[in-house]
């Protein structure tokens, strides 16, 4: 579900306040673990995140909840940590398979080697075969909570594995934008002679 988003500057820790505002309007969102709010796109600086004019808020949620959530969120104004944003109209957007997908932040241990081992184990349990590229260590925190992990690219995925991983994600914190995968540039043939 893609919502038009009108706002300005948001604090760097906006994911926590945004989630709180969403579940205030639609409490049922908190009952469904598969729901995720993708990280907002914008320009980051010391002040926070500056949203572009055509900003979007994208949520992953079951189709059974999509219309209900859209009806209660579209057109609403929210206070996000002292900053005002307004959600516009909502549109559905299907998920498509891509051989390379990435997540801005997948939660896990601060030890990169253990993090990659854990991710490989999770993918094995899901019977997903793909190659990993672990990116930068990242942390999102506010005055009361913090989540940490790494950015992650999974590539050389078969279509069904790509769809599955985009639907279920990895790790915790989907409501804060963590563990949600989106299409990325195609990477293939790394390490081949």
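Things to note:
- Subset of the stretch 71-81 [in contact (Cβ under 8 Å) with a residue 12 or more places away in the chain and either on the phi > 0 side of the Ramachandran plot or surrounded by fewer than 17 Cβ atoms within 10 Å (Cβ to Cβ) (or both)]: 72, 74, 75, 76, 79, 81
- With respect to the stated conditions, residue 15 is crowded, with 19+ Cβ neighbours inside 10 Å and touching a strand residue (DSSP E or B) at 6+ places or on another chain (Cβ under 7 Å).
- For the stretch 77-193, the strands (runs of 3 or more DSSP E) that sit wholly inside it and include 2 or more residues that are over 27 Å from residue 1 (Cα atoms) and touching a strand residue (DSSP E or B) at 6+ places or on another chain (Cβ under 8 Å) are 131-141.
- Restricting attention to the stretch 86-107 and to residues that are surrounded by 12 or more Cβ atoms within 10 Å (Cβ to Cβ) and touching a helix residue (DSSP H, G or I) at 6+ places or on another chain (Cβ under 8 Å), the residue that is farthest from residue 137 (Cα to Cα) turns out to be 90.
- Within the stretch 1-27, the set of residues being in a loop (DSSP other than H, G, I, E, B) and out of contact with any helix residue (DSSP H, G or I) (no Cβ under 8 Å at 6 or more places or on another chain) comprises 7, 8, 12, 13.
- Yes/no for residue 65 being in contact with a helix residue (DSSP H, G or I) (Cβ under 9 Å, 6 or more places away or on another chain), crowded, with 17+ Cβ neighbours inside 10 Å and at pLDDT below 95: yes
- Qualifying residues in the stretch 108-138 (those that are over 15 Å from residue 165 (Cα atoms) and surrounded by 20 or more Cβ atoms within 10 Å (Cβ to Cβ)) - the one modelled with the highest pLDDT: 115
- Residue 27 surrounded by fewer than 18 Cβ atoms within 10 Å (Cβ to Cβ), under 18 Å from residue 182 (Cβ atoms) and at pLDDT 95 or above: no
- Checked against (1) touching a residue at least 40 places away in the same chain (Cβ under 8 Å); (2) over 17 Å from the mean Cα position of the chain (by Cα); (3) farther than 21 Å from residue 176 by Cα, residue 50 passes all but condition (3).
The values are calculated or read from the model by the stated rules, or taken from the named source; none is laboratory data. This structure is a prediction, so every number in the text was calculated from the model and none was measured. Cβ: placed from backbone, ideal geometry, glycine included. Neighbour counts: every protein chain shown.
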